1. If the chain between F25 and K85 were fully stretched, how many nm would it gain, using 0.36 nm times the residue separation less the Cα-Cα distance?
2. So, R0 is 25 Å and r is the distance between the beta-carbons of I17 and I75; what FRET efficiency does that work out to, to 0.05?
3. Determine ³J(HN,Hα), in whole Hz, for all residues of the range 41-51 in sequence, where each value follows from phi through the Karplus function 6.51 cos²θ - 1.76 cosθ + 1.60 and θ = phi - 60°; x replaces Gly and Pro.
Amino acid sequence: MGAEVVSESFMPDVIGIIGSALLIFAYFLLQKGSLKGDGWGYLWMNLIAASMILYSLLFHWNTASFIIEIFWIGISIYGMWRRLKKKDDIVYKEEI
């Protein structure tokens, strides 16, 4: 029975740890100047990392962390929407 409990929580933990590492790596690349804050790479890395952490929280609940990750995902999606809108504005201006 103890081995089942460990195996059930193992994969969510691994996914959450990978998500945390991805989030830290994205922030490092941003600070290093390798990524732009509104660049697709940074936006996708943040969205994927926050989603992975959120998944792990479904197995090991923490309300404060859940709230942070929901906002992180929402802000990442907002950044993607702004990026797409900015691209549409540029195309529209070029057509005029």
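FYI, it's all coordinate maths here, none of it is from the lab. Every value quoted in this text rests on a predicted model; they were computed, and no experiment measured them. Virtual Cβ from ideal backbone geometry, glycine too; neighbours counted across all protein chains shown.
1. Here the answer is 18.9 nm.
2. About 0.70, to the nearest 0.05.
3. Whole-Hz 3J(HN,Hα) from phi for the range 41-51: x, 5, 5, 5, 4, 5, 5, 5, 4, 5, 5.
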